[in-house]
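Notes follow once the structure below has been shown.
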Amino acid sequence: LEEDAHPHGGEVPFETLRRMSGVFPINSIIALRQNQVGEFSRPQKTSDKLGFFVQRKVGPTEEEDPERDRIASLVESGGEGGRSFYEFLRCIVRDSLVYDAVTIEIIKNRGGDVIGFRPLDPTTIRKRPPETEEEEKLGELDPDSIHYEQRVKRQTVAEFGKDDLCFGVRRPRTDLKYAGYGHPELSELVGPLTRLLQCESYNAQTFTSGVSANYIIAVKSKMAPNLFRTFRRDWIKMLSGANNRHRTPMIQLDPDGHEGIETHRLGENSKSMEFQEWWSTLLKQICAAFCTDPAELGFNFIGEGLDRALHSPGPGEKILVSKEKGLRPLLRSIENWMNQSVIQQINTEYELRFCGLDAVSPKEALDMDIQRLQFMTVDEVRRLRGLPPMEQEQE
């Protein structure tokens with residue numbers, strides 16, 4: 001098995017995915033999601049701020065809960081041998097968006113207690129296929145056997161049991177071809193990204209190679225051969241090099257003799273090819289694969305048509321919708337991986353949740369309370385805010 005190849009053999013090589021991730025707009029989309037998810041790395045006790053909190057799965061939430069605070073502290077620091085939760089989130093977001101694979105090593109002490117966690121390079125992790133005896137007897141891997149292997153330079157450098165490593169896939173599928181591995185968005189964007197790079201390369205050459213050779217210049221004149229050779233030499237000199245693109249050759253013709261210069265087009269120019277429309281279409285295709293609106297990257301195509309411009313939402317609304325489509329599912333996946341692989345092994349009664357994504361401004365919260373007064377009492381609204389009844393407060 002080649003180290004750079006995908007385990008199931010039918011995907012784009014890891015090195016190609018790695019290079020694609022460094023090209024615009026892929027690198028901008030990844031950086032955007034890294035920054036957004038990184039804001040959820042701090043513990044919060046209220047749901048109106050971005051962050052995470054640890055809570056009991058069932059039962060009331062107590063003000064003083066040492067076990068909850070211990071778990072939250074371990075998550076924030078990464079524990080022994082781990083990274084801070086901020087660095088951890090940025091690492092796994094990039095791995096997930098590039099390879100659709102997140103590998104988290106669960107660090108334990110000799111007693112089997114979880115004392116930390118850290119991300120691993122997913123390109124080095126392989127799922128161990130079941131041996132013949134396991135397949136005949138259990139139909140799957142033995143729960144107590146090795147489930148994952150880490151291979152570096154075609155050598156197995158580490159082995160992990162079922163509870164020692166989390167292999168997270170954001171886009172799972174039942175297709176036997178993928179064998180439980182991920183299916184990254186980049187594998188679907190080879191064509192659009194290649195066309196976008198070709199589009200930019202073509203346009204860059206227009207600005208760097210001087211006058212485009214899309215025309216034939218016909219000089220209709222009876223000028224002397226020496227004069228024509230001088231004009232041709234000046235014109236060829238102007239064509240060579242970017243520094244000569246604004247120079248203009250000079251020639252004197254006789255208007256009474258009907259002398260003149262004509263140009264004949266050889267092909268279509270960039271305007272007839274509608275460069276801007278083609279480029280924006282490719283950008284939208286790439287952003288759509290990552291469930292991201294171009295407005296999040298700073299591109300607002302509101303001026304594409306008067307009718308659409310008058311009725312289309314503004315950049316702010318587009319960004320909110322984009323977060324619902326892209327950021328929220330990503331956070332839910334991270335919650336699931338953390339709860340199943342880390343929190344579940346620390347204490348089965350607790351779970352991790354990200355908060356603040358649904359937070360509203362103080363003005364919006366006040367307007368909602370005013371609307372509730374139409375079918376609720378003042379004390380009921382105060383109870384939702386965690387405030388005592390008005391009578392107790394007056395006493």
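Read-outs: derived from the displayed coordinates by stated rules, not from any lab. Just so we're clear, the structure is a prediction, and the values are computed from it rather than from any experiment. Every residue, glycine as well, gets a Cβ built from its backbone with ideal geometry; the counts of neighbours run over all protein chains shown.
Some notes on this structure:
- Calculated FRET efficiency for the pair E149/N203, C-beta based, R₀ 51 Å, to 0.05: 0.65
- Inter-probe distance in nm under a simple model that places probes 7 Å from Cα toward Cβ, at L373 and D358: 2.5
- Note on F275 and K325: with the Förster distance fixed at 41 Å, the Cβ-Cβ geometry gives a FRET efficiency of about 0.90.
- For R128, the amide hydrogen comes within under 5 Å of the amide hydrogens of Y148, E149, counting only partners 5 or more places away or on other chains and with H modelled in the peptide plane.
- For I106, the amide hydrogen comes within under 5 Å of the amide hydrogens of L165, C166, counting only partners 5 or more places away or on other chains and with H modelled in the peptide plane.
- Here V381 and N35 are evaluated by their C-beta separation; at R0 = 51 Å the FRET efficiency comes out at 0.90.
- Taking packing as the residue-averaged number of other Cβ atoms within 10 angstrom, the listed peptides 161-169, 340-348, 274-282 run from highest to lowest as 161-169, 340-348, 274-282.
- Pairs spanning more than 19 Å between alpha-carbon atoms, out of K57/K325; K108/K162; K57/K323; K57/K108; K127/K177: K57/K325; K57/K323; K57/K108.
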